[in-house]
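Before any comments, here is the structure.
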Amino acid sequence: MIIMRKNNRIPLSPCLRRFRFYFDLLGRTTKDYLFFTDLQENLVMVSPNLVNDFDLPGEIMHDFDTYWLPLVHPEERGPYQASISKALNSQGPCEHNMEYRVKSRKGEFVWISCRGRVGLDRDGKPSMFVGTMSRMAQRNQADEVTGLLNKYQFEHAVKLALAQYRATGEGGAIMVLGLDNFKIVNETYNRMTGDIVLKRVADLLANVIPQPLTLFKLDGDEYAFIYPGGTAEDVAEIFASVQSALSRPQDIDGHQYFCTASCGTVFYPESGKDYLVLHKHAEAAMDIAKREGKNRNVLFSKEQYNRWVRSISMRDSIWESVENGCVGFSLFFQPQVSAVEQKLIGAEALLRWKNPKGRMVAPMEFIPILEETKLIIPVGKWIVEEAVKTCKKWRRYVPDFRVSINMSYEQIKDLSFKNFVEECLERYDMPTDSIVLELTESKIVADWSFINKQFDAFRSQGIAIAMDDFGTGYSSLASLKNLSCDIVKIDREFVKKILENDFDRRLVQYVVDLCHSIGIYCCIEGVEEEAEYELLTKECKADAIQGYLFGHPESVADFEEKFLRLEKEE
């Protein structure tokens, strides 16, 4: 590139003249922009490439900000002025260090990183301000991991699409995709492995989206593209292709990672006529997709968005509840009975929460928030303590009573959790067989060996491990083969059609027989009818039953009144 030097014939001050030779020499060794300011004369000397790239009047300028400030992006203009003012008005040496956008001679805003330092004269007063500016290539164009255009280019492209809409009346769709459970990859393996996954997914998505649409890489595990003229049918077709492309497990260093994506879609101008609004709405729709079960696409709607905003408010209330000692949380207990004798043998502890207004909130609403925020760790410890305390009380009526406690993957990763459980049992003088720790099968998405190591640590102390909701995961037989557990709890999905469907009946019988053949205790959940119970005990030979037939989840007081009173009377 040839740089044309502009000479605007402003004479150099003595200070600038003294350093001109070194300034020019340094300018030949770097692509960065250089500046040197004589604060006494309010005179600035800049390198020729800065003049050329930003169409400045010359290399020597009076009142530099007269020319420079109008080029700074309006959103960064105020912070830029504040940073410069702070540096120049400091009582000692001070540094200006800021990233901001500046309009180039081509009329495009580009990101630069500016770093300057104020020098003092013999009297301790600011006399010079020198530094460098450099273009931020990564912010200006490509994502360094995937090679895709980055979020700044996405913002620019959305604004161009909106301008096109205003000119032609043609709207379109914007799809933002986020990988499900990607955080587990970084935490279980490492960031380098995570980068490999991001690059592979980028390649898969690039082959799926229609030409000539452009795929963008946003923050974290998110991707996006704009579909001018795109309809709901187009979006559904594209997302089906995305699901198909991601349906095959990714092999990473010998480990299989199941990668799915959740998507939020907005249509412009219906969902917004401004980049920030559209992006916010797309992110909200994607978050809703994740909360509703992941691996799905949600089209933005005002009603859903309002519910999402309420969930954000709920998150704040939950934080407050936890900080105040888990106020508002309580445990409900659903009875478990022996299959043959129908004797009460234990209960599953189920978490409930009342919001500050006193309304009971559904677990499917607040538990995902606990897991996302990792508040499940302190709340999980509170659950263990309450469950053990309650079990101790109830063992006076049912000597071998045990409580099943749900745990999340976040708790398994918390290395202090095992010690807490053991200390809690010791504190209440309870045997290790008084509790069962349950993990939902569908939540098992990480390294088998890691989970088994954690499970074995509990089992070695005599604490039983149960696989909950068996049949809802990616591969139930693989879970049974690879995980060390003592109890399998068969999900209601297996049970609800056994009276009318011979295949379902035989399948349940097969699973129970399989569990028994490898020494695993089998509890069947969701039993609601007497006929279901008869079949499950006589033909399927289940060990324990849990379901509405024997009792709904109840508060401590109601559980004692309905179930333990009977035990007392007997």
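The values are calculated or read from the model by the stated rules, or taken from the named source; none is laboratory data. Given the structure is predicted, the values throughout are model-derived calculations rather than measurements. Heads up, the Cβs are rebuilt from the backbone with ideal geometry, glycines too, and the neighbour counts pull from every protein chain shown.
Need the failing condition index for ASP219 against (1) over 19 Å from the mean Cα position of the chain (by Cα); (2) in contact (Cβ under 8 Å) with a residue 12 or more places away in the chain; (3) surrounded by fewer than 18 Cβ atoms within 10 Å (Cβ to Cβ), just the number.
Single failed check for ASP219: (1).
Which ones in segment 291-320 are buried (at least 16 other Cβ atoms within 10 Å of the Cβ), in a helix (DSSP H, G or I) and among the polar types (S, T, N, Q)?
GLN304, SER311, SER317
Out of all the residues in segment 538-570, which are within 20 Å of VAL398 (Cβ to Cβ) and hydroxyl-bearing (Ser, Thr, Tyr)?
Residue satisfying the conditions is SER555 alone.
Is one or more of the residues making up segment 141-154 touching a Gly at 6+ places or on another chain (Cβ under 7 Å) and within 26 Å of VAL298 (Cα to Cα)?
The answer is no, given that none of the residues of segment 141-154 is touching a Gly at 6+ places or on another chain (Cβ under 7 Å) and within 26 Å of VAL298 (Cα to Cα).
When GLU348 is evaluated against the numbered criteria (1) modelled with pLDDT of 95 or more; (2) of a type in the set (Asp, Glu); (3) farther than 26 Å from ILE524 by Cβ, which criterion, by number, is the only one it fails?
Of (1) modelled with pLDDT of 95 or more; (2) of a type in the set (Asp, Glu); (3) farther than 26 Å from ILE524 by Cβ, only one is false for GLU348: (3).
Could you pull out every one of the strands (runs of 3 or more DSSP E) wholly within segment 218-290 that has 3 or more residues that are within 23 Å of ASP143 (Cα to Cα)? First the steps, then the outcome.
Working: elements: 222-228, 250-252, 255-257, 261-268.
Answer list for segment 218-290: 222-228, 261-268.
In segment 160-171, is there at least one residue being farther than 28 Å from GLU270 by Cα and not in a strand (DSSP E or B)?
Scanning segment 160-171, I find no residue that is farther than 28 Å from GLU270 by Cα and not in a strand (DSSP E or B), so the answer is no.
Considering segment 306-327 alone, what residues qualify as being aliphatic (A, V, I, L, M) and farther than 14 Å from LYS357 by Cα?
Matches in segment 306-327: VAL309, ILE312, VAL322.
Output the residue which, of all residues in segment 64-112 that are in contact with a strand residue (DSSP E or B) (Cβ under 6 Å, 6 or more places away or on another chain) and basic (Lys, Arg), is surrounded by the most Cβ atoms within 10 Å (Cβ to Cβ).
Checked segment 64-112; the qualifying residue surrounded by the most Cβ atoms within 10 Å (Cβ to Cβ) is ARG101.
Here is a list of conditions, (1) surrounded by fewer than 17 Cβ atoms within 10 Å (Cβ to Cβ); (2) in a helix (DSSP H, G or I), and SER330 meets all of them except one; can you say which number that is?
SER330 satisfies every listed condition except (2).
Identify the single condition in (1) under 30 Å from ARG18 (Cα atoms); (2) in contact with a Phe, Trp or Tyr (Cβ under 9 Å, 6 or more places away or on another chain); (3) outside any helix (DSSP H, G or I) that GLY178 does not satisfy, given that it satisfies every other one.
Among (1) under 30 Å from ARG18 (Cα atoms); (2) in contact with a Phe, Trp or Tyr (Cβ under 9 Å, 6 or more places away or on another chain); (3) outside any helix (DSSP H, G or I), the lone unmet condition for GLY178 is (1).
Out of all the residues in segment 265-278, is one or more of a type in the set (A, V, I, L, M, F, W, C), touching a helix residue (DSSP H, G or I) at 6+ places or on another chain (Cβ under 8 Å), in the same structural domain as LEU204 (by TED's automatic domain parsing) and without any contact (Cβ under 8 Å) to a residue 60 or more places away in the chain?
no
How many residues are of a type in the set (D, E, K, R) and in contact with a Phe, Trp or Tyr (Cβ under 7 Å, 6 or more places away or on another chain) when one looks only at segment 184-236?
Within segment 184-236, residues that are of a type in the set (D, E, K, R) and in contact with a Phe, Trp or Tyr (Cβ under 7 Å, 6 or more places away or on another chain) number 3.
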